[in-house]
1. Using only the Cα atoms of the chain, each taken as one equal point scatterer with no solvent, compute I(q) by the Debye sum, divide by I(0), and report log10 of the ratio at q = 0.07, 0.10, 0.13 Å⁻¹.
2. Report, in degrees rounded to the nearest 10, the 0 to 90 angle that the Cα long axis of helix 80-93 makes with the longest principal axis of the chain.
3. Calculate one ³J(HN,Hα) per residue across region 340-353 by plugging θ = phi - 60° into the Karplus curve 6.51 cos²θ - 1.76 cosθ + 1.60, and present them in order as whole Hz with x for glycine and proline.
4. Could you tell me which of rounded, prolate or oblate describes region 91-149, using a ≥ b ≥ c as the square roots of the eigenvalues of the alpha-carbon gyration tensor, with rounded for a/c under 1.5 and, failing that, prolate when a/b is larger than b/c and oblate otherwise?
5. Give me the orientation-averaged projected area of the Cα convex hull of region 362-409, in nm², one decimal.
6. Rounded to the nearest percent, how much of the accessible area of region 282-376 (1.4 Å probe, protein heavy atoms only) is carbon and sulfur?
7. Would you work out if region 17-131 is rounded, prolate or oblate? Take a ≥ b ≥ c from the square roots of the eigenvalues of the alpha-carbon gyration tensor; rounded if a/c is under 1.5, else prolate when a/b is larger than b/c, oblate otherwise.
8. How many nm separate the modelled label positions at LYS57 and LEU330, each set 7 Å beyond the Cα in the direction of the Cβ?
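The values are calculated or read from the model by the stated rules, or taken from the named source; none is laboratory data. None of the values given here were measured: they were computed from a predicted structure. No Cβ is skipped: glycine too gets one built from the backbone with ideal geometry, and neighbour counts run over all protein chains shown. For the accessible areas, the whole protein counts, side chains as well, though only heavy atoms, and no ligand, DNA or RNA atoms are used. Shrake-Rupley method; radii C 1.70, N 1.55, O 1.52, S 1.80 Å.
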Amino acid sequence: MQSPIHVTSEIGKLKTVMLHRPGHEIENVYPDILHRMLVDDIPYLPIAQEEHDYFAKTLKDQGIEVLYFAKLAAEALADDQVKNEFLEKMLAESGHAAGAVHDALKEYLLSMDTQAMVDKIIAGVRKDEIHTKFVSLAEMAEDADYPFFMDPMPNAYFTRDPQASIGDGITINHMTFKARQRESLFTEYIIKHNPRFANKGVHVWRDRYHDTRIEGGDELVLSDHVFAIGISQRTSADAIMDIARNLFKDSNYDTVVAIHIPHNHAMMHLDTVFTMINYDQFTVHPQILDGGKIDTYILHPGKDGEIEIQHRTDLQKVLEEVLDKPEIDLIPTGNGDPIVAPREQWNDGSNTLTIAPGEVVTYDRNYVSNDLLRKHGILVHEVRSSELSRGRGGPRCMSCPIVREDLKN
Ligand SMILES: NC(=O)NCCC[C@H](N)C(=O)O
(Lines give C-alpha, C1' and ligand atoms only; values in the text may rest on other atoms or scores of the structure.)
Protein backbone atom coordinates (compact mmCIF):
# COMPACT_ATOMS: atom_id res chain seq x y z
CA MET A 1 0.00 0.00 0.00
CA GLN A 2 1.34 3.47 -0.93
CA SER A 3 1.81 5.45 2.28
CA PRO A 4 -0.11 8.75 2.40
CA ILE A 5 3.19 10.30 3.49
CA HIS A 6 6.05 10.18 1.03
CA VAL A 7 9.01 12.55 1.24
CA THR A 8 12.36 11.28 0.00
CA SER A 9 14.03 14.65 -0.48
CA GLU A 10 13.92 18.36 0.37
CA ILE A 11 13.55 19.32 -3.27
CA GLY A 12 11.39 16.79 -5.16
CA LYS A 13 8.28 18.35 -6.72
CA LEU A 14 5.96 19.18 -3.83
CA LYS A 15 2.57 17.50 -4.27
CA THR A 16 0.87 17.88 -0.87
CA VAL A 17 1.67 20.19 2.01
CA MET A 18 0.13 20.88 5.42
CA LEU A 19 -0.30 24.49 6.58
CA HIS A 20 -2.07 26.27 9.42
CA ARG A 21 -3.80 29.58 8.74
CA PRO A 22 -3.01 31.85 11.72
CA GLY A 23 -6.10 32.43 13.82
CA HIS A 24 -7.20 34.00 17.07
CA GLU A 25 -4.19 32.48 18.92
CA ILE A 26 -2.17 35.38 17.50
CA GLU A 27 -4.44 37.91 19.21
CA ASN A 28 -4.04 36.12 22.54
CA VAL A 29 -0.39 37.14 22.69
CA TYR A 30 0.41 40.25 24.74
CA PRO A 31 3.75 41.80 25.71
CA ASP A 32 4.20 40.05 29.09
CA ILE A 33 4.15 36.61 27.48
CA LEU A 34 5.97 37.36 24.22
CA HIS A 35 9.21 35.78 25.34
CA ARG A 36 7.59 32.66 26.74
CA MET A 37 5.49 32.32 23.57
CA LEU A 38 8.73 32.35 21.53
CA VAL A 39 7.74 35.31 19.38
CA ASP A 40 9.32 38.75 19.18
CA ASP A 41 6.30 40.76 18.21
CA ILE A 42 2.56 40.46 17.68
CA PRO A 43 1.49 40.08 14.06
CA TYR A 44 -1.58 42.09 12.98
CA LEU A 45 -3.93 39.20 12.41
CA PRO A 46 -6.01 40.34 9.39
CA ILE A 47 -2.85 41.10 7.41
CA ALA A 48 -1.12 37.92 8.64
CA GLN A 49 -4.11 35.96 7.36
CA GLU A 50 -4.04 37.79 4.01
CA GLU A 51 -0.33 37.05 3.70
CA HIS A 52 -0.90 33.43 4.65
CA ASP A 53 -3.70 33.08 2.10
CA TYR A 54 -1.33 34.49 -0.50
CA PHE A 55 1.29 31.92 0.52
CA ALA A 56 -1.29 29.12 0.19
CA LYS A 57 -2.43 30.47 -3.19
CA THR A 58 1.17 30.62 -4.43
CA LEU A 59 1.48 26.91 -3.62
CA LYS A 60 -1.93 26.00 -5.06
CA ASP A 61 -1.12 27.90 -8.27
CA GLN A 62 1.82 25.52 -8.70
CA GLY A 63 -0.59 22.56 -8.47
CA ILE A 64 0.25 21.75 -4.85
CA GLU A 65 -2.53 20.30 -2.68
CA VAL A 66 -2.84 22.31 0.54
CA LEU A 67 -4.15 20.57 3.66
CA TYR A 68 -4.96 22.48 6.81
CA PHE A 69 -3.70 21.22 10.16
CA ALA A 70 -6.78 22.30 12.17
CA LYS A 71 -9.16 20.72 9.67
CA LEU A 72 -7.22 17.45 9.65
CA ALA A 73 -7.32 17.52 13.45
CA ALA A 74 -11.08 18.09 13.59
CA GLU A 75 -11.64 15.25 11.09
CA ALA A 76 -9.48 13.00 13.28
CA LEU A 77 -11.70 13.71 16.28
CA ALA A 78 -15.01 12.88 14.59
CA ASP A 79 -15.61 9.87 16.83
CA ASP A 80 -16.86 10.87 20.32
CA GLN A 81 -14.69 8.39 22.15
CA VAL A 82 -11.56 9.53 20.31
CA LYS A 83 -12.51 13.16 20.95
CA ASN A 84 -12.97 12.47 24.66
CA GLU A 85 -9.62 10.69 24.94
CA PHE A 86 -7.90 13.52 23.06
CA LEU A 87 -9.51 16.16 25.23
CA GLU A 88 -8.44 14.44 28.45
CA LYS A 89 -4.84 14.36 27.20
CA MET A 90 -4.95 17.94 25.96
CA LEU A 91 -6.40 19.20 29.24
CA ALA A 92 -3.80 17.27 31.25
CA GLU A 93 -0.99 18.70 29.10
CA SER A 94 -2.49 22.15 29.59
CA GLY A 95 -2.18 21.73 33.38
CA HIS A 96 -5.70 20.55 34.19
CA ALA A 97 -5.67 16.78 34.62
CA ALA A 98 -8.61 16.82 37.05
CA GLY A 99 -10.65 19.15 39.26
CA ALA A 100 -13.16 21.92 38.85
CA VAL A 101 -11.29 23.80 36.12
CA HIS A 102 -10.78 20.57 34.17
CA ASP A 103 -14.51 19.84 34.39
CA ALA A 104 -15.56 23.32 33.39
CA LEU A 105 -13.10 23.45 30.48
CA LYS A 106 -14.23 20.07 29.26
CA GLU A 107 -17.89 21.04 29.38
CA TYR A 108 -17.13 24.32 27.59
CA LEU A 109 -15.06 22.71 24.85
CA LEU A 110 -17.52 19.87 24.32
CA SER A 111 -20.35 22.37 23.89
CA MET A 112 -18.77 23.40 20.56
CA ASP A 113 -18.74 21.56 17.27
CA THR A 114 -15.46 19.71 16.75
CA GLN A 115 -13.87 22.23 14.38
CA ALA A 116 -14.71 25.11 16.72
CA MET A 117 -13.28 23.10 19.62
CA VAL A 118 -9.98 22.52 17.80
CA ASP A 119 -9.77 26.19 16.79
CA LYS A 120 -10.53 27.21 20.38
CA ILE A 121 -7.82 24.96 21.84
CA ILE A 122 -5.29 26.45 19.44
CA ALA A 123 -6.53 29.98 20.22
CA GLY A 124 -6.37 29.42 23.99
CA VAL A 125 -9.08 29.68 26.65
CA ARG A 126 -9.21 32.76 28.84
CA LYS A 127 -10.27 32.44 32.47
CA ASP A 128 -13.18 34.80 31.95
CA GLU A 129 -14.67 32.55 29.27
CA ILE A 130 -15.74 29.86 31.69
CA HIS A 131 -17.44 29.87 35.05
CA THR A 132 -16.22 27.61 37.81
CA LYS A 133 -17.88 27.44 41.20
CA PHE A 134 -14.93 25.82 42.91
CA VAL A 135 -11.31 26.58 42.21
CA SER A 136 -8.31 25.25 44.06
CA LEU A 137 -6.13 27.34 46.32
CA ALA A 138 -3.41 27.11 43.68
CA GLU A 139 -5.75 28.56 41.09
CA MET A 140 -6.90 31.30 43.47
CA ALA A 141 -3.57 32.21 45.02
CA GLU A 142 -1.01 31.48 42.34
CA ASP A 143 -1.11 33.20 39.00
CA ALA A 144 -4.33 34.96 39.95
CA ASP A 145 -3.61 37.66 37.38
CA TYR A 146 -2.72 35.25 34.62
CA PRO A 147 -5.54 35.45 32.06
CA PHE A 148 -5.55 31.95 30.59
CA PHE A 149 -6.71 28.52 31.67
CA MET A 150 -5.33 27.16 28.41
CA ASP A 151 -2.45 28.98 26.76
CA PRO A 152 -2.71 30.04 23.10
CA MET A 153 -0.53 28.29 20.51
CA PRO A 154 0.67 31.28 18.43
CA ASN A 155 3.35 29.20 16.72
CA ALA A 156 0.86 26.73 15.24
CA TYR A 157 1.35 28.33 11.80
CA PHE A 158 4.90 26.94 11.80
CA THR A 159 3.68 23.48 10.82
CA ARG A 160 7.23 22.37 10.04
CA ASP A 161 8.15 21.81 13.64
CA PRO A 162 5.77 19.53 15.60
CA GLN A 163 6.39 16.73 13.12
CA ALA A 164 8.51 15.87 10.09
CA SER A 165 7.88 13.56 7.14
CA ILE A 166 10.79 11.25 6.32
CA GLY A 167 10.37 8.62 3.61
CA ASP A 168 7.01 6.90 4.16
CA GLY A 169 6.94 7.87 7.81
CA ILE A 170 6.94 10.70 10.28
CA THR A 171 8.50 11.83 13.51
CA ILE A 172 5.95 13.18 15.98
CA ASN A 173 8.06 15.48 18.04
CA HIS A 174 8.66 16.11 21.70
CA MET A 175 9.32 19.82 21.31
CA THR A 176 11.67 21.80 23.53
CA PHE A 177 9.57 24.55 25.05
CA LYS A 178 6.24 24.21 26.83
CA ALA A 179 4.81 26.90 24.54
CA ARG A 180 4.88 24.43 21.64
CA GLN A 181 4.72 20.97 23.19
CA ARG A 182 0.96 20.47 22.85
CA GLU A 183 1.00 21.09 19.08
CA SER A 184 2.23 17.58 18.36
CA LEU A 185 -0.66 16.00 20.27
CA PHE A 186 -2.82 17.10 17.33
CA THR A 187 -0.36 15.39 14.98
CA GLU A 188 -0.57 12.15 16.94
CA TYR A 189 -4.35 12.12 16.54
CA ILE A 190 -4.18 13.10 12.86
CA ILE A 191 -1.89 10.17 12.10
CA LYS A 192 -3.85 7.72 14.25
CA HIS A 193 -7.39 8.78 13.45
CA ASN A 194 -7.74 10.96 10.35
CA PRO A 195 -9.04 8.64 7.60
CA ARG A 196 -6.41 9.98 5.21
CA PHE A 197 -3.61 8.59 7.40
CA ALA A 198 -5.09 6.05 9.84
CA ASN A 199 -4.12 2.41 9.25
CA LYS A 200 -2.36 3.31 5.98
CA GLY A 201 1.09 2.12 6.96
CA VAL A 202 2.57 5.46 8.09
CA HIS A 203 5.68 4.53 10.04
CA VAL A 204 6.18 6.63 13.17
CA TRP A 205 9.97 6.82 13.36
CA ARG A 206 9.78 8.38 16.79
CA ASP A 207 6.75 9.38 18.87
CA ARG A 208 6.35 12.36 21.17
CA TYR A 209 6.74 10.46 24.43
CA HIS A 210 10.45 10.98 25.01
CA ASP A 211 12.45 13.26 27.28
CA THR A 212 14.94 14.14 24.56
CA ARG A 213 13.98 16.96 22.21
CA ILE A 214 13.55 17.22 18.47
CA GLU A 215 11.85 19.74 16.15
CA GLY A 216 11.06 19.54 12.44
CA GLY A 217 12.95 22.72 11.57
CA ASP A 218 16.10 20.74 12.32
CA GLU A 219 15.09 17.75 10.17
CA LEU A 220 16.18 17.90 6.52
CA VAL A 221 15.61 15.01 4.15
CA LEU A 222 18.55 15.40 1.78
CA SER A 223 17.88 12.28 -0.29
CA ASP A 224 16.25 8.85 -0.11
CA HIS A 225 19.05 7.66 2.16
CA VAL A 226 20.67 10.77 3.67
CA PHE A 227 19.05 12.72 6.49
CA ALA A 228 20.51 15.94 7.96
CA ILE A 229 19.66 17.28 11.38
CA GLY A 230 20.65 20.27 13.48
CA ILE A 231 22.19 19.91 16.90
CA SER A 232 20.50 23.08 18.05
CA GLN A 233 18.60 24.96 20.69
CA ARG A 234 15.66 22.69 19.87
CA THR A 235 17.12 19.28 18.99
CA SER A 236 19.40 17.39 21.34
CA ALA A 237 22.20 15.01 20.44
CA ASP A 238 20.52 12.14 22.34
CA ALA A 239 17.37 12.52 20.26
CA ILE A 240 19.51 12.43 17.11
CA MET A 241 21.10 9.14 18.19
CA ASP A 242 17.63 7.77 18.83
CA ILE A 243 16.20 8.80 15.46
CA ALA A 244 19.34 7.54 13.69
CA ARG A 245 18.97 4.16 15.39
CA ASN A 246 15.32 3.91 14.32
CA LEU A 247 15.97 4.99 10.73
CA PHE A 248 18.96 2.64 10.35
CA LYS A 249 16.90 -0.25 11.68
CA ASP A 250 13.67 0.19 9.74
CA SER A 251 14.26 2.38 6.67
CA ASN A 252 16.51 2.98 3.64
CA TYR A 253 18.34 5.72 5.50
CA ASP A 254 21.99 4.82 6.07
CA THR A 255 23.50 8.28 6.66
CA VAL A 256 22.63 10.96 9.20
CA VAL A 257 24.54 14.25 9.03
CA ALA A 258 24.32 16.12 12.35
CA ILE A 259 25.29 19.78 12.10
CA HIS A 260 26.07 21.76 15.24
CA ILE A 261 24.58 25.25 14.97
CA PRO A 262 24.58 28.13 17.50
CA HIS A 263 22.02 27.69 20.27
CA ASN A 264 20.10 30.96 20.09
CA HIS A 265 16.66 32.27 19.22
CA ALA A 266 17.58 33.78 15.83
CA MET A 267 19.03 30.45 14.67
CA MET A 268 16.78 28.12 16.63
CA HIS A 269 16.60 25.43 13.93
CA LEU A 270 18.91 24.22 11.18
CA ASP A 271 16.44 25.46 8.56
CA THR A 272 16.85 29.05 9.80
CA VAL A 273 20.45 28.97 8.57
CA PHE A 274 20.68 26.20 5.97
CA THR A 275 18.27 24.77 3.39
CA MET A 276 18.54 22.62 0.30
CA ILE A 277 17.21 24.20 -2.89
CA ASN A 278 18.52 22.06 -5.74
CA TYR A 279 20.41 18.81 -6.34
CA ASP A 280 23.68 20.57 -5.55
CA GLN A 281 22.68 23.97 -4.18
CA PHE A 282 21.99 25.12 -0.62
CA THR A 283 21.35 28.41 1.14
CA VAL A 284 23.59 29.01 4.12
CA HIS A 285 23.86 31.82 6.64
CA PRO A 286 27.57 32.77 6.51
CA GLN A 287 27.69 33.37 10.28
CA ILE A 288 27.35 29.66 11.08
CA LEU A 289 30.54 28.92 9.18
CA ASP A 290 33.68 29.83 11.08
CA GLY A 291 36.02 30.50 8.17
CA GLY A 292 34.06 27.91 6.18
CA LYS A 293 34.12 25.39 9.08
CA ILE A 294 31.35 23.99 11.24
CA ASP A 295 31.25 20.96 13.53
CA THR A 296 29.52 18.22 11.57
CA TYR A 297 29.11 14.55 12.44
CA ILE A 298 28.40 11.77 9.96
CA LEU A 299 26.52 8.82 11.47
CA HIS A 300 26.39 5.40 9.81
CA PRO A 301 25.11 2.04 11.01
CA GLY A 302 27.93 0.09 12.67
CA LYS A 303 28.19 -3.47 13.93
CA ASP A 304 25.54 -5.02 16.21
CA GLY A 305 23.21 -2.02 16.15
CA GLU A 306 26.01 0.38 17.11
CA ILE A 307 26.36 3.74 15.37
CA GLU A 308 29.65 4.88 13.85
CA ILE A 309 30.35 8.59 14.16
CA GLN A 310 32.88 10.60 12.13
CA HIS A 311 33.66 14.20 13.06
CA ARG A 312 34.17 16.67 10.17
CA THR A 313 34.32 20.43 9.85
CA ASP A 314 34.05 21.11 6.12
CA LEU A 315 30.32 21.22 5.41
CA GLN A 316 30.76 21.66 1.68
CA LYS A 317 32.95 18.56 1.42
CA VAL A 318 30.61 16.56 3.63
CA LEU A 319 27.68 17.41 1.35
CA GLU A 320 29.68 16.53 -1.77
CA GLU A 321 30.57 13.19 -0.20
CA VAL A 322 27.18 12.13 1.18
CA LEU A 323 25.25 13.35 -1.88
CA ASP A 324 27.87 12.07 -4.29
CA LYS A 325 28.17 15.41 -6.14
CA PRO A 326 31.39 16.77 -7.62
CA GLU A 327 30.61 20.25 -6.36
CA ILE A 328 28.14 21.88 -4.00
CA ASP A 329 27.11 25.52 -4.38
CA LEU A 330 26.57 27.13 -0.94
CA ILE A 331 24.70 30.39 -1.54
CA PRO A 332 25.28 32.87 1.31
CA THR A 333 22.26 34.63 2.82
CA GLY A 334 22.38 38.39 2.18
CA ASN A 335 25.32 37.80 -0.16
CA GLY A 336 27.52 37.44 2.93
CA ASP A 337 27.38 41.18 3.71
CA PRO A 338 28.06 41.79 7.43
CA ILE A 339 24.84 43.80 7.88
CA VAL A 340 22.54 42.45 5.19
CA ALA A 341 23.22 38.78 5.98
CA PRO A 342 22.18 38.89 9.66
CA ARG A 343 19.30 41.26 8.87
CA GLU A 344 17.86 39.00 6.20
CA GLN A 345 18.57 35.85 8.22
CA TRP A 346 16.65 37.39 11.15
CA ASN A 347 13.68 37.62 8.78
CA ASP A 348 14.23 34.11 7.46
CA GLY A 349 16.28 34.87 4.37
CA SER A 350 17.85 31.41 4.61
CA ASN A 351 14.52 29.68 5.22
CA THR A 352 13.49 28.73 1.70
CA LEU A 353 10.73 26.28 0.87
CA THR A 354 11.79 24.30 -2.18
CA ILE A 355 8.82 23.23 -4.30
CA ALA A 356 10.80 21.56 -7.11
CA PRO A 357 14.53 21.26 -7.86
CA GLY A 358 15.78 24.84 -8.30
CA GLU A 359 12.37 26.40 -7.56
CA VAL A 360 11.65 28.02 -4.20
CA VAL A 361 9.23 30.14 -2.20
CA THR A 362 10.79 32.95 -0.11
CA TYR A 363 9.79 36.10 1.75
CA ASP A 364 9.75 39.23 -0.44
CA ARG A 365 11.56 41.32 2.20
CA ASN A 366 14.82 39.40 1.72
CA TYR A 367 15.52 40.98 -1.63
CA VAL A 368 19.32 40.71 -1.51
CA SER A 369 19.17 36.97 -0.84
CA ASN A 370 16.41 36.54 -3.43
CA ASP A 371 18.40 38.36 -6.13
CA LEU A 372 21.42 36.23 -5.38
CA LEU A 373 19.33 33.04 -5.66
CA ARG A 374 18.18 34.21 -9.09
CA LYS A 375 21.77 34.88 -10.11
CA HIS A 376 22.52 31.27 -9.16
CA GLY A 377 19.77 30.11 -11.54
CA ILE A 378 17.01 29.53 -8.97
CA LEU A 379 13.36 30.29 -9.81
CA VAL A 380 12.06 32.36 -6.88
CA HIS A 381 8.39 32.89 -5.96
CA GLU A 382 8.23 35.72 -3.43
CA VAL A 383 5.44 35.92 -0.86
CA ARG A 384 4.39 38.81 1.36
CA SER A 385 5.96 38.84 4.79
CA SER A 386 5.34 41.96 6.88
CA GLU A 387 3.28 40.23 9.57
CA LEU A 388 4.08 36.54 9.17
CA SER A 389 7.79 37.19 9.71
CA ARG A 390 7.12 38.56 13.21
CA GLY A 391 6.63 35.00 14.43
CA ARG A 392 10.29 34.33 13.52
CA GLY A 393 9.83 31.76 10.78
CA GLY A 394 9.75 31.70 6.99
CA PRO A 395 8.19 29.65 4.17
CA ARG A 396 9.96 26.41 5.12
CA CYS A 397 8.90 26.80 8.75
CA MET A 398 5.30 27.46 7.67
CA SER A 399 4.94 24.26 5.67
CA CYS A 400 5.02 20.54 6.36
CA PRO A 401 5.49 18.53 3.16
CA ILE A 402 3.32 15.41 3.11
CA VAL A 403 4.06 14.14 -0.40
CA ARG A 404 6.90 14.97 -2.78
CA GLU A 405 7.73 13.32 -6.08
CA ASP A 406 10.83 11.13 -5.94
CA LEU A 407 13.90 12.60 -7.62
CA LYS A 408 14.78 11.17 -11.01
CA ASN A 409 18.43 10.46 -10.18
N1 LIG B 1 11.42 25.80 11.51
C2 LIG B 1 11.44 26.98 12.10
O3 LIG B 1 12.49 27.61 12.20
N4 LIG B 1 10.32 27.42 12.66
C5 LIG B 1 10.15 28.70 13.22
C6 LIG B 1 9.53 28.64 14.56
C7 LIG B 1 9.36 30.00 15.20
C8 LIG B 1 8.70 29.94 16.54
N9 LIG B 1 8.47 31.25 17.02
C10 LIG B 1 9.54 29.16 17.55
O11 LIG B 1 10.34 29.81 18.24
O12 LIG B 1 9.38 27.97 17.69
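1. Relative scattering, expressed as log10 I(q)/I(0), comes to -0.32, -0.65, -1.09.
2. The helix 80-93 is inclined about 80 degrees to the chain.
3. These are the phi-based 3J(HN,Hα) values: 5, 4, x, 5, 6, 4, 4, 9, 6, x, 8, 9, 8, 9 Hz.
4. Since a/c reaches 1.5 and a/b is larger than b/c, the shape of region 91-149 is classed as prolate.
5. Mean projected area for region 362-409: 4.5 nm², to one decimal.
6. After summing per-atom areas, the C and S share lands at 47 percent.
7. In terms of gyration-tensor shape, oblate.
8. Between LYS57 and LEU330, the simple spin-label model gives 3.9 nm.
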